[in-house]
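Single-structure report; data block below.
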Amino acid sequence: MAGIQQQQQLVNETLPASWDESGKRAAARPGVDHELKDPSQQKSGWRKFLSYVGPGFLVSLAYIDPGNLETDLQAGANHRYELLWVVLIGLIFALTIQSLAANLGVTTGKHLSELCKAEYPKYVNYCLWLLAEIAVMAADIPEVIGTAFALNILFNIPVWVGVLCTGCSTLLLLALQRYGVRKLELLIAVLVFVMAACFFGELRYVKPPATDVLEGMLIPKLSAPGSTGDAIALLGALVMPHNLFLHSALVLSRKIPYSVRGINDACRYFLIESGFALFVAFLINLAVISVSGTVCSAQDLSSENADRCGDLTLNSASFLLQNVLGKSSSKIYAIAVLASGQSSTITGTYAGQYIMQIIVLSWILGLGIIGINVYYLSTGFVGWIINNNLPKAATVLIGIIVFPLMAIYILAVIYLTVRKDTAVTFMEPNKNDPQQQISMENGLAKSSEGPGMDPAPYREDLADIPLPRIDGVQS
């Protein structure tokens with residue numbers, strides 16, 4: 001027994017402080033363990049936790065985007081509260097998978113796109129890229145259209161103008177990153193709580209029976225006709241594979257004390273933060289299903305409103321709420337959809353950026369964007385010019401103003417497509433070095449360096465582009 005203790009003591013003395021007893025890298029910054037030596041790391045639990053808050057709210061938006069809201073509305077209209085358990089189980093699984101993605105970024109110092117590029121052959125990466133891009137597009141379409149519907153309800157502007165406004169506002173809001181990612185994360189958190197406040201206000205107004213809501217949430221059943229299909233739709237709306245790429249990259253914008261305790265604390269804090277954000281997302285989904293279920297199951301519902309309940313969309317839901325609950329209810333609903341669509345469009349942009357790093361074919365995507373923009377902008381605007389009822393002089397004046405703006409927009413997209421990148425936002429893997437592969441998988445330094453100190457995986461490229469550097473908890 002004494003001999004075993006002496007051997008263990010010898011191992012602990014020969015290994016650096018950043019290595020654990022098994023001989024694998026627990027890692028620290030070169031030369032010191034910050035968590036033990038740096039007084040700036042000695043913070044209270046809440047202050048340390050707040051420095052990790054943010055990525056979870058950006059990720060949670062994928063589960064409360066307009067596509068999810070429309071699915072919730074139809075599920076509530078058809079089955080009242082019977083399918084709430086599907087949303088609960090789906091978000092529990094989402095929390096599990098999202099926490100694994102966050103842990104992957106924290107422990108390896110690379111995000112999921114880089115690891116896929118390093119681990120898989122080209123044909124697998126092409127398939128992963130294609131599937132992830134399809135998922136982003138499938139999520140982005142209802143986000144943009146939902147935001148345009150909300151602008152139409154609030155300000156009575158055409159939907160195609162709302163689509164353009166959504167794109168411009170997304171670019172403007174993304175510009176907040178120049179002032180620090182905390183500002184953008186704060187904006188996203190505010191929009192999430194605006195959604196929550198709006199839907200909770202609607203929920204308080206309709207007052208669904210609490211016992212029925214709890215029963216639908218805790219007792220799984222698929223008794224009503226068509227409930228299986230709606231349950232699959234609810235579950236499918238919660239499948240967000242592109243969110244895994246986003247979450248694994250967002251966590252790299254934090255300066256993590258790279259020791260055993262620092263990594264464990266970061267993983268735990270990210271789990272707690274993601275859990276809280278997804279809990280808020282669940283409450284919002286619950287409120288939407290409960291509101292539509294209560295409204296559409298009312299005894300005094302007119303035949304017109306009953307027809308709307310049979311085919312409920314983001315746009316028709318506003319008229320339903322206006323007819324049943326009053327005009328103010330429709331406006332509150334539109335504000336919530338606007339917050340949902342605008343914020344989730346921002347996160348979709350982030351996710352697409354990291355997914356494109358699986359294979360570097362951004363110029364192809366850029367050409368596709370240019371073609372789509374040219375087609376829809378030209379046909380939509382020309383159709384409006386031909387069919388509007390404005391005086392001829394006003395139509396000519398609008399054409400003179402808008403056509404140059406469209407040309408500037410298209411030229412800007414072309415410039416962003418063909419310009420040379422000034423900063424590297426991904427790490428090119430070396431697949432010809434098997435020792436480097438093994439080292440990356442085991443969390444070790446390069447094999448030629450032996451058991452030495454690795455640089456911390458704090459990624460300045462991801463912290464500054466597009467996520468600016470954050471020093472501790474200071475904004």
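The values are calculated or read from the model by the stated rules, or taken from the named source; none is laboratory data. Source: prediction; values computed, not measured. FYI the Cβ positions are ideal-geometry reconstructions off the backbone, even for glycines, and counts take in every protein chain you see.
Assorted remarks:
- For the stretch 224-240, the set of residues classified as under 18 Å from LEU88 (Cα atoms) and not β-branched (Val, Ile, Thr) consists of SER227, GLY229, ASP230, ALA231, ALA233, LEU234, LEU235, GLY236, ALA237, LEU238, MET240, listed by residue number.
- Any hit, the stretch 310-319, residues being at pLDDT 85 or above, in a helix (DSSP H, G or I) and not aliphatic (A, V, I, L, M): no
- Near pairs, Cβ below 8 angstrom, 6+ apart or cross-chain, from the stretch 350-367 (at pLDDT 60 or above) to any residue that is surrounded by 14 or more Cβ atoms within 10 Å (Cβ to Cβ) and basic (Lys, Arg): GLN357/LYS117; ILE358/LYS117; ILE359/LYS117
- Restricted to helices (runs of 4 or more DSSP H) entirely inside the stretch 111-182, those with at least 2 residues that are farther than 30 Å from MET195 by Cα are 112-119, 122-155.
- Close Cβ contacts (under 8 Å, 6 or more residues apart or on different chains) running from residues in the stretch 47-74 that are touching a residue at least 12 places away in the same chain (Cβ under 8 Å) to residues that are β-branched (Val, Ile, Thr) and part of a loop (DSSP other than H, G, I, E, B) comprise ARG47/VAL473; LYS48/VAL473; LEU50/VAL473; SER51/ILE470; SER51/VAL473; GLU70/THR313; LEU73/THR313.
- Only a single item in (1) closer than 17 Å to THR107 by Cα; (2) at pLDDT 90 or above; (3) of a type outside the set (Phe, Trp, Tyr) is not met by ASP265, and it is number (2).
- Residue match in the stretch 140-149 (condition: modelled with pLDDT under 90, in the same structural domain as LYS255 (by TED's automatic domain parsing) and farther than 16 Å from VAL337 by Cα): no
- Which numbered condition GLU202 misses (of (1) of a type in the set (Asp, Glu); (2) touching a Phe, Trp or Tyr at 6+ places or on another chain (Cβ under 8 Å); (3) closer than 20 Å to ALA351 by Cβ): (3)
- Among the residues of the stretch 47-87, the ones that are outside any helix (DSSP H, G or I) and in contact with an Asp or Glu (Cβ under 8 Å, 6 or more places away or on another chain) come to 7 in all.
- Which listed residue is farther than 20 Å from GLY380 by Cα, over 21 Å from the mean Cα position of the chain (by Cα) and in the same structural domain as GLU273 (by TED's automatic domain parsing), from GLU185, GLU202: GLU202
- Enumeration of residues in the stretch 384-411 that are in contact with a helix residue (DSSP H, G or I) (Cβ under 9 Å, 6 or more places away or on another chain) and not hydrophobic (A, V, I, L, M, F, W, C): ASN388, THR395, GLY399, TYR409
- Residue list for the stretch 320-333, filter: of a type outside the set (A, V, I, L, M, F, W, C) and part of a helix (DSSP H, G or I): GLN322, ASN323, LYS327, SER328, SER329, SER330, LYS331, TYR333
- Residues within the stretch 288-309 that are more than 17 Å from THR71 (Cβ to Cβ) and in a helix (DSSP H, G or I), tallied: 6
- Counted residues, the stretch 96-121 - those being basic (Lys, Arg) and without any contact (Cβ under 8 Å) to a residue 12 or more places away in the chain: 0
- Across the stretch 47-70, the number of residues qualifying as among the charged types (D, E, K, R) and either under 13 Å from MET195 (Cα atoms) or touching a His at 6+ places or on another chain (Cβ under 6 Å) (or both) comes to 1.
- The helices (runs of 4 or more DSSP H) found entirely in the stretch 188-255 that carry 3 or more residues being small (Gly, Ala, Ser) are 227-237.
- If you check VAL239, VAL251, VAL260 for being surrounded by fewer than 22 Cβ atoms within 10 Å (Cβ to Cβ), modelled with pLDDT under 90 and within 25 Å of the chain's Cα centre (by Cα), only one passes: VAL239.
- Checklist (1) surrounded by fewer than 19 Cβ atoms within 10 Å (Cβ to Cβ); (2) under 27 Å from LEU191 (Cα atoms); (3) modelled with pLDDT of 85 or more applied to CYS127, failing item: (2)
- Failed criterion for SER60 (all others in (1) under 21 Å from VAL206 (Cβ atoms); (2) buried (at least 24 other Cβ atoms within 10 Å of the Cβ) hold): (1)
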